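A short write-up of the structure that comes next.
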Amino acid sequence: MAAKTLFAVVLLGTFGHVTAFWRMECRGRTGLARIDPIMDAGVISPHIHTVHGSSGFSLSATYDDLMGGSCTSCAVKQDKSAYWTPALYFQDSETKEFEIVPQVGGMLSYYLLRGDNVTAFPPGFQMIAGSNYRRDYTVGDPKSPDPPQSSWATLKQTSQDDLEQRALGFNCLDYKKAPEGSMFRHYLPDKAFLDANCPDGLRLELMFPSCWNGETTSPDHKSHMAYPNLVGNGDCPDSHPHRLVTLFYETIWDTKAQSFQGRSGQFLTSNGDPTGFGYHGDFMSGWDVNFLQEAIDTCTNESGDIRDCALFVNQGPLQSDDDQDSCQFDLPSILAQEDGSAKNLKSLPGNIQIQAGPESATPGAGDIPSVISAATSVLSSVLGGNKPATATSPGTVSPTSSGLASSSTSSAGSPLGGAFLESSAPPASSSDNFNALAVPVAQTSTSATISPPAPTTTAPAFTSEPGVSYEIVSTQTITNGAQVEEIVWKEPVVYVTEDTITTVTAEAPKSARHIHARHARRHRHPVGL
């Protein structure tokens, strides 16, 4: 009787596929303030945040508060959610003083409909991504590209801590060159690199976990959620079997602004982090559950443009940029005169200390009066008043002030933004010039090498042989102008009975599906998933 042994024919190929998604445009900033109703509910937050979404945002905001807000700074008026992240600052090396970096075009929040049976956020749902106190990268050399996603399990790099570190990105923007992949660089580049390579600024990126255990929150505001094993794709852990929308934040900061030219110093986030490893974000849902579920089920146009979703348009109209810019939340009187966008700040708002690691940062700030005095020249009148201020007061930044630049131009005058370009494949480069790389090349293996596909107008048909099973290994997206190619790497494996073990490797025809969509203004990115 012949011995039963395994014969595997592994065929690595590319198959056209684009996952449904939409980009929620939030052109306005509702405020710039030390408020965080998730991590610091009811009290002043240690560090300042840039906030988008519902005007119902406050120190103790709840789902009902957000839903009851009079406006939203996002294009779809039904989205009363709150989205917030640390702001970006520049510190002058000579004066040691701080100033905020102009934020360009508000923010984008991608709603990625990945996985099976994607469910709407329930009432009261909230979550965070990233770790405020992290100051080190422990998943290899941060200045080297990520290994292929298919090797993460073998390398034992699929813990939630590992995945969280790979869920953030610092994208160097140069609109005259091919774009970098999203989450391609996991640390904040220094000013010398940004000056030399990023004429259109820096895009900060954050992927949220999408696997859910059924609870609206958790004591640490984190453990009710988990990342799938490929960060934005892949399988959920058994402990978190439900799939929610995958959120991905993009915020552009004009690090090349004229005010920073010819000056030495460093960029750092408002939580005192010059490394970028501690970048993080928060989300509180402000959606009607039935409306959001209908959007998940029907807004599946592959363009990702909210204008191609009949539900959003028919239940609109969509808000203009001016409408979005005009929406701001009320500030508590204790913060009304804390101007986080003032020039020549003697310290970061909240008197946050700079901690570069590699040990974890520690909490700590001055008391409320001393903290506020570091960011404002007027305090006594504030402490005596009870009327809340709005974000148009001197205490915050108007949409066209130095703190929030116009979304139509940048220091280079280029059209807004880059593309959502997610790649699991390492570039062909040494770590020495990792910063300057643009488009990652395709993933390689020991048995086959796959090159990025040449542009085509149609994707070859793919048929499955009986007895062949397919497993997604990784994904890659390439954007060129208004044309998008998404590649899903799969491994089909055939099992037969043989007396000996034989392995054959072949390269399948490459295919890519092209999606054409209009460009929007600079921060309205070309389509890509």
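General remarks:
- Taking the square roots of 5 times each eigenvalue of the Cα gyration tensor of region 89-233, largest first, gives ellipsoid semi-axes of 29, 20, 16 Å.
- Extension reserve of the residue 193-residue 314 stretch, reckoned as 0.36 nm per residue once the Cα distance is removed: 39.0 nm
- Among the listed pairs 77/256; 256/343; 222/343; 96/143, those whose Cα-Cα separation exceeds 25 Å are 77/256; 222/343; 96/143.
- Protection-proxy order for peptides 294-304, 91-101, each taking the mean of Cβ atoms within 10 Å per residue, highest first: 294-304, 91-101
- Overall Cα dimensions of region 227-315 - principal axes, largest extent first, Å: 51, 38, 24
- Cα gyration tensor shape for region 164-208, rounded if a/c is under 1.5, else prolate or oblate: oblate
- Solvent exposure ordering (accessible area, 1.4 Å, most first) of 333, 285: 333, 285
- Cleavage-rule hits (trypsin sites (Lys or Arg not before Pro)) in region 150-221: DSSP loop, at most 11 neighbouring Cβ within 10 angstrom: 156, 176
- Near residue 211, once Lys and Arg are set to +1 and Asp and Glu to -1 for all other residues with Cβ below 9 Å from its Cβ, the sum equals 0.
- In order through region 161-169: 3J(HN,Hα) via Karplus (6.51 cos²θ - 1.76 cosθ + 1.60), integer Hz, x for Gly, Pro: 5, 5, 5, 4, 5, 8, 8, 10, x
- Zone residues, region 49-64, relative to residue 40, backbone N less than 18 Å from point 7 Å out along Cα-to-Cβ: 49-52, 57-62
- Label-point separation in nm, residue 223 to residue 62, each point 7 Å along Cα→Cβ: 2.5 nm
The values are calculated or read from the model by the stated rules, or taken from the named source; none is laboratory data. Because the structure is predicted, anything quoted here is derived from the model rather than measured. Note: ideal-geometry Cβ built from the backbone for every residue, glycine included; neighbour counts use all protein chains shown. With ligands, DNA and RNA removed, areas are computed over all heavy atoms of the protein, side chains included. Shrake-Rupley method; radii C 1.70, N 1.55, O 1.52, S 1.80 Å.
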